[in-house]
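The values are calculated or read from the model by the stated rules, or taken from the named source; none is laboratory data. Remember, it's a predicted structure, so these values are computed and weren't measured experimentally. Ideal geometry is used to build each Cβ from the backbone, glycine not excepted, and the neighbour counts take in all protein chains shown. What goes into the accessible areas is simple: the full protein's heavy atoms, side chains included, and nothing from ligands, DNA or RNA. Shrake-Rupley method; radii C 1.70, N 1.55, O 1.52, S 1.80 Å.
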Amino acid sequence: KISTTILYTPFLLLFLKMKLLFTVFILLSLSCIVLSNMDLVLLTNTEETGAVCLDGSPGGFYFSQYGKESDENNWVLFLKGGGWCYEENDCLERSKGGLGSSKAWGKSYTGQGPLSSDPSFNPDFATYNRVYIQYCDGASFAGYKEEPITVGDSKLYFRGRVILNEIINLLKDDYNFGNAEKVLLTGCSAGGLATYFATDYLPQILPDSVTQYGSMPGSGFFMDHSNVDNTAVYPDQMRYVFYMQNMTHHVNQECIRSYSEDEQWKCVFAQNTYKFIKTPIMPVNSVYDSWQAQCIFTSVFISILYFLNLYVSVINIYT
């Protein structure tokens, strides 16, 4: 036993040295990755512009300036995702969190994907001006109602399109976006769907200096499909969102014109909008989507969930 221990000791020491060297290598590698924080910017003068979240707090975005002079006029605009609120009580609940209010947003954000500042991970856009547009309207930046609605004792604001417009205006006025040359519009999930909605709209409000513009929606295709019980829960919910938030004039207008008035809500689905888009676009979408498997194929109406949650809350109070 003693001889065996002596025999294996050099190998054990070599292993420990190699493990230490590997750990040091990893730490050095991580220290070489340049990650820059994106700073929070909240919209001002929102009482006049109306660019507010569901709860009436100001919309906003995270911003990081270009990393090299040759990209001074190049931009990535990323629309954040986060689902939708399907009816008024659902929107009220949403207004109490970060997807419906800006009150608790952090002061900074570390960019990922096309917002990353690491050129080894994001070689094309790491040194662009990068804008992470926060999502707090519940309808993919495509809703607009001038007057708030009242739910219980609370007011709700449907102002997604105004938020997008006012962010573009602020970027022009204060962040040199008025001299933009290359612009990529992108987003993921509900932000990917928003990208389909906004792709042909954005050129109407982009500065004249833009020479290259295109979009890259991520995971923005959602199935117009019944659940496993053959009930059209998700399509009916999205139809309700469309009319509740008055989205008719803020999705692709050629798509709207292609449907009769009672079917225009179908333009809320990317597969119906995509064929009308004229701007260069590169969709990115997974073949299999775990969210859709759960939230479309096995979905139930949100109002049922609301009353179930209410029932559970009452039971918890009295038990």
Quiz item: Sorted by packing (mean other beta-carbon atoms within 10 Å per residue), highest first, where do 188-197, 282-291, 43-52 land?
Solution: 188-197, 43-52, 282-291
Exercise. Taking all pairs of distinct Cα atoms, average 1/r, flip it, and tell me the Kirkwood hydrodynamic radius of the stretch 177-294 in Å to one decimal place.
Key: 15.2
Quiz item: Which whole-Hz couplings ³J(HN,Hα) result when phi for each residue of the stretch 238-245 is put into the Karplus expression 6.51 cos²θ - 1.76 cosθ + 1.60, θ = phi - 60°, listed in order with x for Gly and Pro?
Solution: 5, 5, 5, 4, 4, 7, 4, 9
Practice problem: Could you give me the radius of gyration and the Dmax of the stretch 157-219, taking only the C-alpha atoms into account and expressing both in angstrom? | Solution: 11.9, 35
Self-check item: the stretch 49-165, Cα convex hull volume normalised per residue, Å³
Solution: 102
Self-check item: Relative contact order for the stretch 226-297, counting Cα pairs under 8 Å that sit 6 or more residues apart, in percent
Solution: 35
Quiz prompt | Burial ranking of peptide ranges 273-281, 84-92 (average Cβ count within 10 Å, highest at the top) | solution = 84-92, 273-281
Quiz item: What ³J(HN,Hα) values, in whole Hz, does the Karplus curve 6.51 cos²θ - 1.76 cosθ + 1.60 give for the stretch 57-67 when θ = phi - 60°, with x put for Gly and Pro?
Solution: 6, x, x, x, 7, 9, 9, 9, 6, 3, x
Exercise. Please check which bits of the stretch 84-100 a label hung off TRP291 would reach, taking the label as a point 7 Å along Cα-to-C-beta and the cut-off as backbone N under 12 Å.
Key: 84-85
Exercise. For CYS85, enumerate residues with amide H under 5 Å from its amide H, sequence gap 5+ or separate chain, H modeled in the peptide plane.
Key: none
Practice problem: Measure off, as a whole percent, the carbon and sulfur share of the 1.4 Å-probe accessible area of the stretch 64-198, all protein chains present. | Solution: 43
Exercise. Kindly flag which residue pairs out of LYS96/LYS278; LYS107/LYS172; LYS80/LYS275 have an alpha-carbon separation exceeding 32 Å in this structure.
Key: LYS96/LYS278
Quiz item: Around TYR213, which amide H atoms from residues at least 5 apart in sequence, or from another chain, sit under 5 Å from its own amide H, with H modelled in the peptide plane?
Solution: VAL183
Quiz item: Amide H neighbours of THR110 under 5 Å, counting only residues 5+ apart in sequence or on other chains, H built in-plane at 1.01 Å?
Solution: MET38
Practice problem: Compute the accessible area per residue over the stretch 191-283, keeping the other protein chains in place, probe 1.4 Å, unit Å². | Solution: 45
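Applying a 10 Å radius around every beta-carbon, put 148-158, 54-64 in order of their mean neighbour count, most first.
Result, highest mean Cβ count within 10 Å first: 54-64, 148-158.
Restricting to DSSP loop positions (anything but H, G, I, E, B) with no more than 16 other Cβ atoms inside 10 Å of their own Cβ, which GluC sites (Glu not before Pro) remain in the stretch 231-270?
Nothing satisfies the criteria.
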Quiz item: Quick one: ranking MET216, MET38 by accessible area, 1.4 Å probe, largest first, what do you get?
Solution: MET216, MET38
